[in-house]
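Before any comments, here is the structure.
Laboratory data are not the source of any read-out in this text; all were calculated from the coordinates shown. This one's a predicted model, so the numbers in the text were calculated from it and none came from an experiment. With ideal geometry, Cβ positions are generated from the backbone for all residues, glycine too; neighbour counts draw on all protein chains shown.
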Amino acid sequence: MLLATAVILPTVCLLWFMTQAVKNERLAVRQRLQTWYREQGRAVIDDDYIQLVLSRDAASGTLVFDSTGKQTFPVAAADDVSNESVFRKAFALEFEEQDLSSALDEYQRISRSASEAAVRIQADLSTARCLARLDQPDKAINRLIQLLAEYDDSSIALRCWKTRAHLLLLELMHETQDDRFETILSATYDYVTQGIRPADNGYIGEPDFLEHTIPSELQGYALSRYLDYSESLAPDPTRSKTVKEAKKLIDWLSLSAAAAEDYMTPDFLNDEGVKGSGTLFTLDADKQLYGRYHRFREHTKVLIFTQESMSYWLNAYVDKFQKFPSVCRIYDAQGRLTAGPSPDQDQEPFITMPLSGWLPGWTVHLYVHDVTFDNAARKQAAVYLWTGVLVVALFLACGGLTARMIGRQIRMNRLKNDFIATVTHELKTPLSSMRVLVDTLLDGSYTDQSRCREYLEMIGRENCRLSRMIDSFLTFSRMERGKQVFEMEKVDPAEIAAAAAEAVRAKFQEKKCKFSVTADTGLSSIIADKDAMVTVLVNLLDNACKYSGDDKQIALHVFEQNGGICFSVADNGIGMTRRQMRRIFDKFYQADTSLARRAEGCGLGLSIVKYILDTHNATIAADSKPGKGSVFTVHVPPIEP
Ligand code: ADP
């Protein structure tokens, strides 16, 4: 009971602690994972990439104001130098009277006589237009090519007229299917995008840039014409790149133009929502526009980003988080989902962290699948479980070991008690009979000398019995202490049988026992301690005699089997039940423990037999039936070659 309590109590306590630990594990794992994700997330966040996203190339629109607060980009339409008074007559001839030849002459005259380049270029462009209308496209084309080479780009007016000349030239060449069409098309693209191409490092809106730009509206129109013409041509990889670029520029110009109307001056930058130079702020929450401003060379530049463009760039960025077993979403300062998959349900983010100093209020949300930390928690719980199982197993093993030791101690005590009980019981009988006989002799109450001799012989027999018993106790004691020494030698089995038969012969004769000893001829020798083997056979023969009725028939037979030697002792005695047979080799076991039993002995004979045979690697088998008799067969293994 005590032992069970000593094992069970700590085991129950341990199990309780374990369940508590497993319960807390989910929480602990969650916290650990959060720290880990935060660290990993911080490592992934890349301010350089964010800077790139917020660069001019990724912007959807641009506004530039000069030091006086005047808008310098998008470039406003130039005051068209239409020179109404100079061209009044020519326009009347061309458009009202439809007299194209006279109009042509008039335009040529103006071209020759005008001193201003802006007037001359307009007259030359009109000349080309009249030639085209007069069905002389080739002449018109030549005139336009000549015009483009003749005038420089020194004023915005000249650049506007040259852009229009390019467009007319393209129209004519397209109609006449001129071979030079594609060359002129790309020349037109290069001309109209000067300074605003992403590859140009010019500062948009600055005087240097303004020196070679044209009004944004005309620029946008020219680019859309470029796109129309490009579509009519066979696909070409270099042009498809330019087409993509042109589309982007058109969007950029139109968004810039739209924003320019809303923000005529940089005053909106004093708004509270706009924090610092370089950081992103919400420009227009309804239109989902963000802004970022810089000052450079006394100019104020505002880059405009749409929600879509931010989504486009940040979606690529979100992929960096894919290495975690998580879903990543980026929310803008207004809490609008900007990048990452749209959420299926109201799922709580596992961790939330700021995206970048450049995007104030923008956050990265990482969502971890439940499975992820279920797995982590399960792993940790498994570690606890196994540790617990190990400790419980240790408790049980220690408990088992202690129980075994205690059991052994108990058995030893029982053995000791049994021994004392048996010894006193067995010694008492011969001693008391001897005392009675000695008392009778001392009394002198015997009639004749023969009676005296008979008494003395009886005392002698009791004495022998006592000696035998003490011998067996001593042998048993030696065996128990492992002190019995055997002298192994090569012996003839028949000799052993003969010696044993000799030892019991007198006793058997006295008991009127029919005893036969037979041995097969040519038996192999065995390796054994001869005296010990004789003791084995004597004990078996003794038992055969003891446990037989009045008509005793005992046979000792020696024969060879499976290369080994067998000694069988058969009797026609009382026999044994199966249950008794299972225990006869136990120390102190006696089938009949009643005080009335006739047979002498103390339940050690067969234990001694078993001990001796074990040391000889020999075996013993008993076959018996109650009332029919028993056969004990000893098998000694052959000598190993
Ligand atoms: P014991 O001193 O009682 O003879 P043993 O160890 O020699 O002790 O035998 C143990 C028990 O086995 C005996 O008490 C007896 O009941 C049973 N036994 C042994 N040999 C025989 C036999 N030949 N016939 C019947 N019972 C036997």
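For the stretch 52-115, the alpha-carbon radius of gyration amounts to 1.99 times the rule-of-thumb value 2.2 N^0.38 Å expected for a compact globular protein.
Considering all different alpha carbon pairs of the stretch 431-472, the Kirkwood hydrodynamic radius works out to 10.8 Å. Taking N as the residue count of the stretch 403-474, its C-alpha radius of gyration divided by 2.2 N^0.38 Å amounts to 1.66.
Take 46-57, 535-546 and order them by the average number of nearby Cβ atoms within 10 Å per residue, most first; the result is 535-546, 46-57. Rounded to the nearest 20 debye, the dipole magnitude of the chain is 5920 debye, with +1 charges on Lys and Arg beta carbons, -1 on Asp and Glu beta carbons, and the Cα centre as origin.
Once the gyration tensor of the Cα atoms in the stretch 102-169 is diagonalised, the equivalent ellipsoid follows with semi-axes of 18, 15, 8 Å, ordered largest first.
Mean residue ellipticity, 222 nm, helices only, the chain: the sum of -39500 (n - 2.57) across DSSP H runs of n ≥ 4, divided by residue count and rounded to 500, is -19000 deg cm²/dmol. Each principal axis of the Cα cloud of the stretch 1-125 was taken in turn, and the coordinate range along them, longest first, works out to 132, 36, 19 Å. Averaging 1/r across all pairs of distinct Cα atoms in the stretch 291-406 and inverting the result yields a Kirkwood radius of 18.6 Å. Expressed as a fraction of 2.2 N^0.38 Å, the value expected for a compact globular protein of N residues, the C-alpha radius of gyration of the chain is 2.38.
The string of couplings for the stretch 447-454 from the Karplus curve (6.51, -1.76, 1.60, θ = phi - 60°) is 7, 10, 5, 5, 5, 4, 5, 4 Hz, one whole number per residue in order, with x for Gly and Pro.
All C-alpha pair distances within the stretch 361-404, sorted into 10 Å bins from zero, spread as 23, 24, 20, 15, 10, 5, 2, 0 percent across the bins.
P(r) for the stretch 147-250, from all Cα pairs and a bin width of 10 Å, is 14, 48, 32, 6, 0 %, short bins first. Extents of the stretch 343-493, largest first, come to 137, 44, 27 Å (Cα atoms, principal axes, whole angstrom). The coefficient of translational diffusion for the stretch 435-573, derived via Stokes-Einstein from the alpha carbon Kirkwood radius under 20 °C and 1.002 mPa s, stands at 122 µm²/s.
Convex hull volume per residue, computed on the Cα atoms of the stretch 225-381, equals 195 Å³. Net length available on complete extension from K139 to T424 is 87.5 nm, with 0.36 nm assigned per residue and the Cα-Cα distance removed. Altogether, the Stokes-Einstein calculation at 10 °C and 1.306 mPa s, with the Kirkwood radius of the stretch 527-596 over Cα pairs as Rh, returns a diffusion coefficient of 113 µm²/s. In whole Å, what is the distance between the alpha-carbon centres of the stretch 369-433 and the stretch 46-63? For the stretch 369-433 versus the stretch 46-63, the Cα centre distance is 76 Å. Candidates G601, Y290, L134 compared by Cα position along the dipole of the chain: farthest toward the positive end lies G601, with charges placed on Cβ. Residues of the stretch 372-393 with an amide N closer than 12 Å to a point placed 7 Å from the Cα of R26 along the Cα-to-Cβ direction: 373-375, 377-378. For the stretch 231-306, taking Cα atoms only, Rg and Dmax work out to 16.3, 52 Å respectively.
By the beta-carbon count within 10 Å of each Cβ, the least crowded to most crowded order of F632, F559, F95, F350, fewest first, is F95, F559, F350, F632.
Protection proxy ranking for 522-534, 258-270, 398-410, 158-170, using the average of other Cβ atoms within 10 Å per residue and placing the highest first: 158-170, 522-534, 258-270, 398-410.
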